[in-house]
């Protein structure tokens with residue numbers, strides 16, 4: 001997601017972008033049409049004649065590279081990419097642009113170091129890729145557990161964001177109505193994934209990606225049109241309207257003091273590396289039929305992310321230039337309503353309805369992908385490989401997978417309802433930090449280092465995960481700050497809000513130390529066949 | 001863990017093809033590290049020496065904005081470059097390697113995850 005940023009959108013302004021009567025209903029109608037059409041297409045396309053794990057987890061791996069790239073883009077971009085990033089840029093100028101860029105840059109790591117070798121060694125999950133050369137049970141257990149943790153953090157953040165959107169978009173101010181939105185989206189997510197698996201998730205994410213791009217391009221063109229197609233005029237105007245003058249596009253508006261600068265570096269490190277270890281991104285890489293197609297998919301995703309990053313910069317600066325920073329801050333101090341304000345200023349009710357629907361569709365598509373990934377980890381890694389020792393039948397694993405979707409969905413809905421009015425904006429950053437600290441080191445070592453061992457994998461994942469979680473619990477995100485999760489207590493002894501700066505090096509270090517000093521496998525686990533698959537991209541092609 | 005016969009890897013053609021692939025992969029890995037390094041360097045420079053990053057180049061661009069634009073362009077170029085590089089350098093060697101495997105009748109690598 002761009003993931004990018006913290007949905008939980010903290011929308012604290014009085015502005016309602018749709019009138020309580022007519023426009024609300026138009027958002028409902030358009031979103032319902034989107035949901036119905038997706039269901040209809042998924043039923044039409046369902047020619048499966050029985051339980052099939054490949055179909056449920058990987059959509060039979062029939063997607064062409066460009067389509068998979070587009071869907072991967074849809075899976076990665078959260079509502080925060082559409083709403084949060086332009087908002088941050090409109091308020092913070094240069095600092096916001098730097099913040100937005102890192103998750104797009106990270107696709108170079110996915111493309112060059114991960115996509116092809118991962119596709120060649122994994123069937124469905126991270127555990128599969130590791131178990132190719134390491135001892136299966138421990139790595140399936142730890143990889144499955146880490147995937148579940150990341151997925152739950154992410155799911156909760158997304159669903160809380162859905163509730164936060166209910167007030168400004170639909171005019172639902174009461175906590176009951178907001179929780180109703182969270183429950184409805186969560187139940188839709190469960191319905192889609194239980195009955196359609198990866199096929200319906202793909203459809204949701206593909207349609208959402210097209211709509212997201214359409215909205216982004218329309219707003220970008222509208223902004224440029226307002227400034228006579230002259231980007232220099234746009235930049236100059238944004239500086240004037242920001243109230244900061246030239247300082248608006250210089251470092252230091254958001255990250256001024258020593259601690260916040262370190263926090264920015266930590267967050268950038270997590271975002272720059274984290275995408276390459278996100279379980280739902282890795283799962284999507286396995287939905288094409290070869291490592292070469294995985295490479296082409298990720299190429300498209302990387303370029304689309306960069307393109308959307310440029311659009312976010314245009315939209316963010318355009319909002320400041322056209323509306324003025326003071327107006328944006330007065331509406332929501334977080335800036336998360338910037339896109340709605342900008343769209344409203346264009347006087348197009350249809351576009352405003354479309355933006356509102358895309359925001360909800362984005363959340364639905366992202367949570368569906370994450371839920372499927374978490375269910376796959378629970379059913380395939382933990383049930384199939386750890387509990388059943390790899391001897392579970394397809395039918396029983398599929399049943400467990402569908403039950404897991406319900407279980408994970410209900411857990412995420414419950415957590416999100418509880419957290420609806422808590423400040424949990426650190427959760428997405430934490431998910432990226434865990435991904436970069438626990439999963440990325442393990443995957444890179446497993447694919448590229450012949451001395452790597454099972455002990456190294458377990459230490460790296462447990463150490464990276466544990467360090468990231470403990471540091472966040474001891475950070476100002478959880479206590480000791482008026483904006484913390486628990487503002488009335490103070491046990492914040494770690495000064496940074498994102499743990500990546502410490503936990504990522506620890507994850508890599510533990511993987512290395514535990515492998516080098518592993519007495520059971522002193523020269524590393526057998527790397528020959530993995531190396532052939534990694535280097536030559538041979539293996540796991542669709543038969 | 002199930003063991004496979006890897007004696008075919010000792011043959012000269014296989015070793016030479018693998019060496020070619022190793023070298024080609026190392027080069028692209030360095031490029032990936034450079035992109036991430038450039039991004040993190042920009043952030044560290046902005047945090048530590050904001051004065052330099054604020055230095056104007058051409059109105060309204062300063063060093064920081066210029067580096068961001070360069071980073072976006074550089075990253076896009078690397079993504080496109082890698083696709084071409086892989087087609088030109090990695091794919092032919094991979095196909096050669098696959099043909100060698102096929103010639104030896106090795107079915108271990110034909111597909112499917114290890115059970």
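Output the number of residues of segment A:93-103 satisfying the condition of being more than 7 Å from chain B (Cβ to nearest Cβ) and buried (at least 24 other Cβ atoms within 10 Å of the Cβ).
5
Tell me which helices (runs of 4 or more DSSP H) are completely within segment A:321-386 and hold 3 or more residues being on the phi < 0 side of the Ramachandran plot, buried (at least 24 other Cβ atoms within 10 Å of the Cβ) and modelled with pLDDT under 90, or say none if there are none.
Filter on segment A:321-386 gives A:349-376.
Can you report the number of residues in segment A:222-244 which are in contact with a helix residue (DSSP H, G or I) (Cβ under 9 Å, 6 or more places away or on another chain) and within 11 Å of chain B (Cβ to nearest Cβ)?
Residues flagged as in contact with a helix residue (DSSP H, G or I) (Cβ under 9 Å, 6 or more places away or on another chain) and within 11 Å of chain B (Cβ to nearest Cβ) within segment A:222-244 amount to 9.
Which of the residues belonging to segment A:38-83 are closer than 30 Å to residue A:166 by Cβ, modelled with pLDDT of 90 or more and assigned to a helix (DSSP H, G or I)?
A:70, A:71, A:72, A:73, A:74, A:75, A:76
For residues that are surrounded by 24 or more Cβ atoms within 10 Å (Cβ to Cβ) and farther than 16 Å from residue B:68 by Cα, tally how many sit in segment A:238-256.
Matching residues across segment A:238-256 total 3.
Here are some residues: A:304, A:211, A:278. Which one is modelled with pLDDT of 95 or more, touching a helix residue (DSSP H, G or I) at 6+ places or on another chain (Cβ under 8 Å) and either over 29 Å from residue A:357 (Cα atoms) or away from chain B (no Cβ under 11 Å) (or both)? Lay out the reasoning, then the answer.
Numbers: A:304 fails: either over 29 Å from residue A:357 (Cα atoms) or away from chain B (no Cβ under 11 Å) (or both); A:211 fails: modelled with pLDDT of 95 or more.
Among A:304, A:211, A:278, only A:278 is modelled with pLDDT of 95 or more, touching a helix residue (DSSP H, G or I) at 6+ places or on another chain (Cβ under 8 Å) and either over 29 Å from residue A:357 (Cα atoms) or away from chain B (no Cβ under 11 Å) (or both).
Could you please give the count of residues in segment A:104-136 that are out of contact with any helix residue (DSSP H, G or I) (no Cβ under 7 Å at 6 or more places or on another chain) and either assigned to a helix (DSSP H, G or I) or surrounded by 24 or more Cβ atoms within 10 Å (Cβ to Cβ) (or both)?
The qualifying residues number 1.
Can residue A:404 be described as in a helix (DSSP H, G or I), without any contact (Cβ under 8 Å) to a residue 60 or more places away in the chain and surrounded by 24 or more Cβ atoms within 10 Å (Cβ to Cβ)? Show your work before the answer.
On the way: in a helix (DSSP H, G or I): yes; without any contact (Cβ under 8 Å) to a residue 60 or more places away in the chain: yes; surrounded by 24 or more Cβ atoms within 10 Å (Cβ to Cβ): yes.
Yes.
Out of segment A:183-229, which residues are in contact (Cβ under 8 Å) with a residue 24 or more places away in the chain and outside any helix (DSSP H, G or I)?
Hit for segment A:183-229 is A:227, nothing else.
Taking the condition modelled with pLDDT under 95 and either buried (at least 24 other Cβ atoms within 10 Å of the Cβ) or part of a helix (DSSP H, G or I) (or both), does residue A:298 pass?
Values: modelled with pLDDT under 95: no; either buried (at least 24 other Cβ atoms within 10 Å of the Cβ) or part of a helix (DSSP H, G or I) (or both): yes.
Here the answer is no, as residue A:298 does not meet what is asked.
Do we have any residue at all in segment A:507-519 that's under 24 Å from residue A:136 (Cα atoms) and modelled with pLDDT under 90?
Looking through segment A:507-519, at least one residue is under 24 Å from residue A:136 (Cα atoms) and modelled with pLDDT under 90.
The values are calculated or read from the model by the stated rules, or taken from the named source; none is laboratory data. Only a predicted model underlies this, so the values are computations on that prediction, with no experimental measurement involved. Every residue, glycine among them, receives a Cβ derived from its backbone with ideal geometry; neighbour counts consider all protein chains shown.
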